[in-house]
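Undergrad: Have a look at the structure that comes next, please.
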Amino acid sequence: RYDPVAYVSVEDGQTRLARIMGLPDETVELKGGKVLVNGKPLESNVTYYSLGDYGSEGQKTRVAPGTYFLLGDNGGFSPTGFLSKDSRFIGPVSRQQLVGVVKTIYWPISRAGQLPSNHSLDRTAAR
């Protein structure tokens, strides 16, 4: 959980980045800017707006086996729309759509370096 991953969006075929927040067989809900998993709030410094078909305020989404609920850190608005087209909009993402775990930040230079990993994908490979 919390690992940043690259995935291929079913919406437009683009590779996007988001964090794994919901694991297989869990229920995810957005409430008051917080992420609740199986009814318990996750620790996060990011406010996740309740948006999209799968992220309405108080809506519970079951994460099916072999899928993950992904949320982008840039959940606000831009002149062209929402910054993160994540599981709030496209639903849980299948393991086949995942490209891999993001391990390094290279831009901006001031934040460049290795990221810590929780290895969610390694622990849930059999799910």
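Undergrad: Could you name the aspartates and glutamates whose alpha carbon sits less than 20 Å from that of K34, not counting residues in the same chain fewer than 8 places away?
TA: D3, D25, E26, E43, D53, E57, D73, D86
Undergrad: So, one more: Net charge near I105, counting Lys/Arg +1 and Asp/Glu -1 over other residues with Cβ under 14 Å of its Cβ? List each step's numbers first, then the result.
TA: Values: positive: R19, K103, R111; negative: D3, D73.
Within the 14 Å Cβ shell, the charges total +1.
Undergrad: Where a ≥ b ≥ c are the square roots of the eigenvalues of the C-alpha gyration tensor, would you call segment 1-113 rounded, which needs a/c under 1.5, or, failing that, prolate if a/b is larger than b/c, or oblate?
TA: Numbers: a/c = 1.41, a/b = 1.26, b/c = 1.11.
In terms of gyration-tensor shape, rounded.
Undergrad: Same structure, new question: If r is the Cβ-Cβ distance from A112 to K60 and R0 is 41 Å, what FRET efficiency results, to the nearest 0.05? Spell out each step's value before the answer.
TA: On the way: r = 38 Å, r/R0 = 0.93.
According to the calculation, E is roughly 0.60.
Undergrad: Turning to a different aspect of this structure: Pull out the extension gain between K31 and V8, defined as 0.36 nm times the separation in residues minus the alpha carbon to alpha carbon distance; nm, one decimal.
TA: Numbers: separation 23, 0.36 × 23 = 8.28 nm, distance 2.67 nm.
Result for the pair: 5.6 nm of gain on full extension.
Undergrad: How many nm separate the modelled label positions at S94 and Y49, each set 7 Å beyond the Cα in the direction of the Cβ?
TA: Simple spin-label model gives 3.0 nm for this pair.
Undergrad: With a 1.4 Å probe and all protein chains left in place, how much accessible area per residue does segment 1-105 have, in Å²? Spell out each step's value before the answer.
TA: On the way: 5320 Å² over 105 residues.
Roughly 51 Å² per residue, with all protein chains present.
Undergrad: How much net charge surrounds A6 when only the other residues with a Cβ under 14 Å from the Cβ of A6 are counted, with Lys and Arg +1 and Asp and Glu -1? Before the final figure, lay out each step's value.
TA: Numbers: positive: R16, R19, K85, R95, K103; negative: D3, D73, D86.
Surrounding charge for A6 is +2.
Undergrad: Moving to a separate point now. Could you give each residue of segment 50-61 its phi-based ³J(HN,Hα) in whole Hz, using Karplus coefficients 6.51, -1.76, 1.60 with θ = phi - 60°, and x for Gly or Pro?
TA: 7, 9, x, 5, 10, x, 5, 3, x, 6, 9, 10
The values are calculated or read from the model by the stated rules, or taken from the named source; none is laboratory data. No experiment lies behind these values; they were computed from the predicted model shown. Note that each Cβ is placed from the backbone with ideal geometry, even for glycine, and that neighbours are counted across all protein chains shown. SASA here: full protein model, heavy atoms, side chains in, ligands and nucleic acids out. Shrake-Rupley method; radii C 1.70, N 1.55, O 1.52, S 1.80 Å.
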